[in-house]
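Quick notes on the structure that follows.
Laboratory data are not the source of any read-out in this text; all were calculated from the coordinates shown. Just so you know, these numbers come straight off a predicted model, no measurement behind them. With ideal geometry, Cβ positions are generated from the backbone for all residues, glycine too; neighbour counts draw on all protein chains shown.
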Amino acid sequence: MADMAAHPHGQPSAGLSRRNLLIGGAMLAVAGVSYARQPTAPPPLLGKTKLDTLMPDQIGRWIYQTKSGLVLPPRDQLSERIYDDLVTRVYAAPDGTGVMLLIAYSGQQDGMLQVHRPEVCYPASGYDITRTREHPIRLSGGMELESRFIVAESRARTEQLIYWTRIGPSFPTRWIAQRWAVVEENMKGIIPDGVLVRISTIAPDDASALAILDDFAKELVRVAPAKVRQALIGRAA
């Protein structure tokens, strides 16, 4: 009121104008700092190359057979939006042992890899998750890859599988850890890339299944071309 009284035509006082300028300047400064700290995405790992075109047709004793036959979530706009690449392949060994491989890769990961997590897509396809536990995969060179072992059962069949997620340099085995891995990279000013790798089989028991799955995972990392290996295990490649 005092300011308006000093200016009968309703013009703001010089003091009020200065306050507005100071507040406006402070807000611009905060906005500038926020913009400067926004995370940035690294250059695309694969460029315009599709991951499937780089995949080997032979992995150890397994030979590529087909792209179909895997458990997948319903196709929707969410799954199409969050992945740059989705590889689905079935491999078979001479003794008839089959292995199903899924690789879901995103060059800019925002924590949404859950759409292909077995805990989500298997129940959505009519399976019950009957057993699950953490399972380290010991790769050559002494690297230990954190993964999960899961048994999924339906009326038609039982699948045993291992899967791992990589978010930047991290290998979270739980959903909350996956989200936190994204936050940690964002705090460093980075939008991380991410991948989910799922390997499944049908075996008479868990021990037999784990032997098959571990063997395939080791061979996959060993024979994969450099760019594929980097997508699978990141900087450790």
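Name the residues of the stretch 203-237 whose amide N is less than 20 Å from a point 7 angstrom out from the Cα of Glu153 along the C-beta direction?
Output list for this probe position: 203-211.
For Glu159, Glu134, what ranking results if the residue with the fewest other Cβ atoms within 10 Å of its Cβ goes first?
The fewest-first ordering by Cβ neighbours comes to Glu134, Glu159.
Mind checking the dipole of the stretch 51-236: about its Cα centre, +1 per Lys or Arg Cβ, -1 per Asp or Glu Cβ, Debye to the nearest 20?
Roughly 140 debye, rounded to the nearest 20.
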